[in-house]
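Data first, discussion second: the structure below is written as C-alpha cells.
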Amino acid sequence: MSVAAKDYYGILGVPRDATADDIKRAYRKLARQYHPDVNPDPAAAERFKDINAAYEVLSDDHKRQIVDLGGDPLSPGAGGMGGPGGAGGPFVGFQDIMDAFFGGATTRGPRSRTRAGADAILRLDLDLVETAFGVEAPITVDTAVLCTTCSGAGTAPGTHPETCMTCGGRGEVQSVQRTFLGQVVSSRPCGTCAGFGTTIPHPCATCGGDGRVRTRRSLTVKIPAGVEDGMRIRLAGQGEVGPGGGPSGDLYVEIHERAHDVYARKADDLHCKVTVPMTAAALGTRLTIKTLDSEEQLEVKAGTQPGSTLRIRGKGVPHLRGSGRGDLYVHLDVRTPTKLDASQEQMLREFARMRGEEVAELSKQGGFFSRMRDAFNGH
C-alpha cells in the first residue's frame, strides 16, 4: 500500500509556480511563528518539522522536480534520504533558520579598547547680578584625564598589547551544540581578553591599563547675560576622557541662582515690594529705587491705593537671546499707622470730619454700623 506524497507546497502555503525567493520568504515567516524557541506548544514543534522538511525539498531543484512529478523525495526508498535528519545529514537550510531569528550570521570581532568618555555635570551657584549681566566664573572639576605615562595605550613603557592566545585575536569564542535541528554554533565574548582580542601583560603602573587617571582641573566658564536658574552651559570636550584614551565627553555646568534679598525674578522681569506711609500715598511722593545697576526716581501720584504696582521699563534682566531687558515692577505696600497719640488721633478725626467721613464707633448707639443694621432690617 503506497503512502501519498506530502503536499510540501501546501505546508509552506505557496503556489506550485512559486519562485525560490517566494519559498524562502514563506519559510522564514512560518519559522518565526512555529520555531520551538518562540512557540513552546508541542504541536508547534511537529508543525515546524514539517515546515523545515518542506523548505528542504522545495529549495533543492532536484527534490522539487521529484515532487512536481508526484513523488516524495523524503519517503523511505526515495534516494536513500530517510527523512529529515536521517542518513542524509543535518537539515538543509539550517542557516536560513538562523537568518530568520538573528538577522543573519554576523561576526562581532574584537572590541576596541578606545571608547568615548562620559559626560560630566557640575553645579554652579550664582547671584542674581551674575546671572543677569554674565560673569566669568572659575570652576574646579574632578574628572578622568589622559594618562601621560602611556598616552592612553594602557601599557607599560616599551611594551605593547599581545594577541589573545585563547581566541586568537577574534575577541570571541565559539561553542557547538547538537540539537534536533542539527549543530548550533554560538559565540560569546572571550573570557581571557574580555572581548578585546588582545591582552596587556604589562599594564601601565600609573593608570593600571585604563589609559586614563582621575585628577582635579581648574577651568573658567563664561556665563552669558540673562541665564536662568536650572539652565545648563555646555563645554564641549571638557568631560571625562574615554577608556584607552578615547575622545572626551562634554561638561555641563548647571546654573543655580541664589535668592536675592530684595528682588524676585520671573523670567526676565524683576519684582520688589516698597512700603510707603499712608500719608505719602495720599499726598504723593517721589521714591528712589536702587535697581541692579543704577538708581531710578519713581513718582507715586497722590491718591495711590494699597496694592498698586508701578513699572520701570528696561530695568529687569537682559534677554538671553536678543537685545533689550525685562522690566522692574514695584509693588506698593501702603502702611496704615497702628499707634496714634491723642493729638494725632484728634487730627485724624478732624480730617475725617472735614471730608464728611464719619468714624465708626462700636460703643455708640446710632453710629455707622447701627445705620447699616437698620438699612438691612428695613427701618
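The values are calculated or read from the model by the stated rules, or taken from the named source; none is laboratory data. The structure presented is a predicted model; accordingly, all values stated were derived computationally and were not measured. Positions of Cβ are backbone-derived with ideal geometry, glycine not excepted, and every protein chain shown enters the neighbour counts.
Here are a few things to note about the model shown:
- Restricting the range 258-291 to residues that are under 30 Å from R355 (Cα atoms), outside any strand (DSSP E or B) and not polar (S, T, N, Q) leaves a set whose member that is farthest from the chain's Cα centre (by Cα) is L283.
- The residues of the range 299-315 that are in contact with a His (Cβ under 9 Å, 6 or more places away or on another chain) and in contact (Cβ under 8 Å) with a residue 24 or more places away in the chain, listed by number, are G307, S308.
- Positions within the range 226-258 being farther than 12 Å from L122 by Cα, of a type in the set (G, A, S) and at pLDDT below 95, in sequence order: A236, G237, G242, G244, G245, G246, S248, G249
- Residues that are among the β-branched types (V, I, T) and under 30 Å from K266 (Cα atoms), drawn from the range 196-241: T220, V221, I223, V227, I233
- Taking the criterion of being assigned to a loop (DSSP other than H, G, I, E, B), of a type outside the set (G, A, S) and without any contact (Cβ under 8 Å) to a residue 60 or more places away in the chain, no residue of the range 232-257 qualifies.
- Any hit, the range 313-328, residues being over 30 Å from I255 (Cβ atoms) and not in a strand (DSSP E or B): no
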